[in-house]
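Below you'll find the structure, written out as structure tokens, and then a few comments.
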Amino acid sequence: MRKEALALTASTASIRFSTAILQAVTPLFLALTGFKLANVALLTIILWASIAVGSIAAALIREPSYVGFAGLVLLGIGLLLLYMSPSAAMLAVPLSGIGSGIASSILAPLLHKMSSVERPFEGVASYSLALSIGLVAAMAFTSILSLRGVTMAFLGAAVVSVSIAVFLVAYRVELPRVMVELPSVDDTVKMFKVRPFAKAFTSNFAYSLILPLVLSYWPLYSSKVIYLPVTTSFALLSVLFLMSGTIRGVSMGLRSVEGPQKLAVTALVISVALLATRGEILSVIGLLLFSVPHALVYPTTLYQAMTSSRSEVKANYVFSLSSGTAEVLSPILAGLVITGWGLEALYVVAVPLALASMIASYA
């Protein structure tokens, strides 16, 4: 892999490190500092919605290196505000979410353009592997620091974000020229007329409705419903992402993604069914099994989407709607479930969503 690709992969891992802490720690942090569950759900909705807004806002910034710098600075400021005071959450959460969305917006198409002809999936696989590395590091870091208070995780993530922003300015890496532009309505309609793109979009949409339920709500669910220690909850997430990263590393040499994608959505159904049991052992097994869909659903569907279109960037933006829209709707759904039936019922709603993802992949 070229020096530029390695630098971009490292930046991706660092951005994911900070974003993962933001997504996973914030709901638990708010609950522990006295916020009502309804307000925790509301701020979680705002967080994921802000990330989607940031991805769209990135189109206003034409230069790739400026996109990363602007997003990372906003992300770092938001995380620092959360570290300083939970009362700043109404400002800090959307600010950091928008920053995360901006910083992450063009990483996948940039790495995809760096793929070799012999290994066309290498760029997307490298991107996915970097995400897993960032997730593993974030959860391990949080698990250790939770012994001294989860707010320390926000400080660490802020330092990482600002450091990467400085790196982008100080060490200019020559990147492929990628125009950050939003697709037109006609572009979007044409993409959905291509069957592989439509299948990939639908499958990832259903999966992305489940992802926030695991990433943002597992620490809260495991501590309140199955009574695991906070340190154990984050340690298990770290193991999950380590397993996911290992699978993604192995997948870098794939020439066909259809088989692995079907395996992943099948594992997704089993995983959420186990999480829905509310039993300690079965829930932990379900969480760890989630490593398979986490490793494979997004990168395989993203690859299908980008290779079915002439413009990787436009395809990435339209495909990102499957993740962005779902990741906004998912916390809303979670809030309704928690308010109506309690935290215990959270993963029950994920079962039909997993089935929908599987049906779309097999269609």
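Read the figures in this text as sums done on the coordinates, not as results from a lab. In this text, all values refer to a predicted model and were calculated from it rather than measured experimentally. Neighbour counts are summed over all protein chains in view; Cβ atoms, including those assigned to glycine, are modelled from backbone coordinates with ideal geometry.
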Checklist entry - Each label point is 7 Å from the Cα along the Cα-to-Cβ direction; what then is the distance between the points at residue 155 and residue 285, in nm? => result 4.1 nm
Checklist entry - Can you work out the FRET efficiency for the pair residue 190 and residue 227, with r the C-beta to C-beta distance and R0 = 41 Å, to the nearest 0.05? => result 0.20
Checklist outcome for this item: Quick shape check on segment 177-290: root eigenvalues a ≥ b ≥ c of the Cα gyration tensor, a/c under 1.5 is rounded, otherwise prolate if a/b tops b/c, else oblate, and it reads prolate
Checklist outcome for this item: Each label sits 7 Å from Cα toward the beta-carbon; between residue 341 and residue 144 the label points are separated, in nm, by 3.9 nm
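Determine the relative contact order of the chain: mean sequence separation of Cα pairs under 8 Å and six or more apart, normalised by residue count, in whole percent.
It comes to 25 percent, rounded to a whole number.
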Checklist entry - Among all stretches of the chain without exposed GluC sites (Glu not before Pro) (DSSP loop, at most 13 other Cβ atoms within 10 Å), which one is longest? => result 182-363
Checklist outcome for this item: Counting every C-alpha pair in the chain, the percent lying more than 25 Å apart is 49 percent
Next on the checklist: Please report Rg (one decimal) and Dmax (integer) in Å for the Cα set of segment 221-363.
Outcome noted: 16.2, 50
Checklist outcome for this item: Note on the chain: helices (DSSP H) long enough, at least 15 Å by alpha carbon along their axis, and hydrophobic enough, mean Kyte-Doolittle at least 0.0, are 3-32, 37-57, 64-84, 89-104, 122-145, 151-170, 195-215, 230-250, 258-275, 291-307, 312-341, 350-362
Checklist entry - For the pair residue 60 and residue 91, what calculated FRET efficiency results from E = 1/(1 + (r/R0)^6), where r is the Cβ-Cβ distance and R0 = 22 Å, to the nearest 0.05? => result 0.55
Next on the checklist: Quick check on packing: order 351-359, 335-343, 315-323 by the mean number of other C-beta atoms within 10 Å, highest mean leading.
Outcome noted: 315-323, 351-359, 335-343
